[in-house]
2 protein chains.
Amino acid sequence: MLEKYDFAEKCLESKNIFSGRLLHVFRDKVILPDDRETIREYIKHPGASVVIPYLNDNQVLLIHQFRYPVNRVMIELPAGKIDPGENPDTTIKRELEEETGYTSDNIINLCAIYTTVGYSDELLHLFWAYNLKPCVKKPDYDERIELFPTSIGNAMEMIYSGEITDAKSVIGLFWADKIINDRQFRKRVLK
Amino acid sequence: MLEKYDFAEKCLESKNIFSGRLLHVFRDKVILPDDRETIREYIKHPGASVVIPYLNDNQVLLIHQFRYPVNRVMIELPAGKIDPGENPDTTIKRELEEETGYTSDNIINLCAIYTTVGYSDELLHLFWAYNLKPCVKKPDYDERIELFPTSIGNAMEMIYSGEITDAKSVIGLFWADKIINDRQFRKRVLK
């Protein structure tokens, strides 16, 4: 693998060309490794956390949620944006409680994923939660969420048949399948 | 699962509040199922295609590419944005040739994935390509790409150890692992 400096593009000028309520767009003038110039346009994002809530007996807790940008009800793992100054693990404990009505003191970080490197710096932190305990569910005022507990076998089948299509949830479920069905792998990540 | 109309948010007014060279941001006033109003801000994206180039003997062809928004060299599957009027399968044949210098007449669609339902309508089409044949490599003038052929076993290990962190590539490699190592599944999807 070539080192970063063989590929790296240096910023000549960075400009915040749009800021909405949620989205912040930047346009940078950059210099390529061969000294030519180009433009890079991208979103700065605070990052997000997503969790696999494990319910025992090979069951995971998914949710149904309407997503306006794609105009459909998606099947997803619980997730949410990191608030200013928040740690990813605080985010996920909060979102798990708000969206599912469960809490846990056993939440383990599995990995971090860049969602869309072409035009965003969003980093998504994936967690595994077990020993779930009921608490009060309190979704945001403009979120409608319905719980959908299911077996990992059924969830994987729903990926292969095209019923689960949300990227972060697909990645989380592949990890869940490996953790649940591969004893050695489970020992390694849940140590 | 509740039907879409139990959750659906209706658009009252849609406004293109920003258009850059690459990114198009919309802000819609919407009405929630309980008749309250809220605002949804999101990106309209033309969609993209991504491919798992299979090299025989359990090897897949990954690439190294510098990604400005995250300021690092990423390990990825070849991918690219759909051009206006283009089919996803035309996109992926073109991107495979441009980025890797291989072409194929055996490209199979596996699934479609929404990359970031919270703020984008981007739909990503995943393909499996085999019987690869060398052709002329011609990356875009501002793309620097290095080929990284590796075994599926090593690629999966790089996901688990946090070296492969690009969402579309992680999803593609989980599918590749299943296709390569599960004979029955392979029969089902490559029929």
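Data table
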read-out: Scan of segment B:129-144 for residues that are in contact with a Pro (Cβ under 7 Å, 6 or more places away or on another chain) and at the interface with chain A (Cβ under 9 Å from one of its Cβ atoms), ordered by number; value: B:Arg144
read-out: Matching residues in segment A:61-99 - criterion: being more than 11 Å from chain B (Cβ to nearest Cβ), under 17 Å from B:Tyr119 (Cα atoms) and surrounded by fewer than 18 Cβ atoms within 10 Å (Cβ to Cβ); value: A:Asp83
read-out: Options A:Ile113, A:Ile108, A:Ile164; residue that is under 18 Å from the mean Cα position of the chain (by Cα) and more than 10 Å from every other protein chain (Cβ to nearest Cβ); value: A:Ile108
read-out: Any chance A:Asp142 is touching a strand residue (DSSP E or B) at 6+ places or on another chain (Cβ under 8 Å) and touching a residue at least 60 places away in the same chain (Cβ under 8 Å); value: no
read-out: Residue satisfying condition, being closer than 30 Å to A:Arg27 by Cα and either at pLDDT 95 or above or not small (Gly, Ala, Ser) (or both), within set A:Tyr160, A:Tyr141, A:Tyr114; value: A:Tyr114
read-out: Criterion: closer than 24 Å to B:Thr91 by Cβ, aliphatic (A, V, I, L, M) and modelled with pLDDT of 95 or more - qualifying residue of B:Val189, B:Val170; value: B:Val170
read-out: Evaluation of A:Asn131 against (1) crowded, with 22+ Cβ neighbours inside 10 Å; (2) in contact (Cβ under 8 Å) with a residue 12 or more places away in the chain (one fails), failing number; value: (1)
read-out: Complete set of residues in segment A:82-93 that are under 18 Å from A:Ser169 (Cα atoms) and more than 13 Å from the chain's Cα centre (by Cα); value: A:Lys93
read-out: Matching residues, segment B:149-172, being touching a residue at least 24 places away in the same chain (Cβ under 8 Å) and under 15 Å from B:Asn58 (Cα atoms); value: B:Pro149, B:Thr150, B:Ser151, B:Ile152, B:Gly153, B:Ala155, B:Gly172
read-out: Considering residues of segment B:101-121 that are of a type in the set (Ser, Thr, Tyr) and touching an Asp or Glu at 6+ places or on another chain (Cβ under 6 Å) only, the residue farthest from B:Lys191 (Cα to Cα); value: B:Thr115
read-out: Scope segment A:144-175; condition touching a Ser or Thr at 6+ places or on another chain (Cβ under 7 Å) and more than 22 Å from B:Asp166 (Cα to Cα); matching residues; value: A:Leu147
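The values are calculated or read from the model by the stated rules, or taken from the named source; none is laboratory data. Please read all numbers here as calculations on a predicted model, not as lab measurements. As a convention, Cβ positions derive from the backbone with ideal geometry for all residues, glycine included, and neighbour counts pool all protein chains shown.
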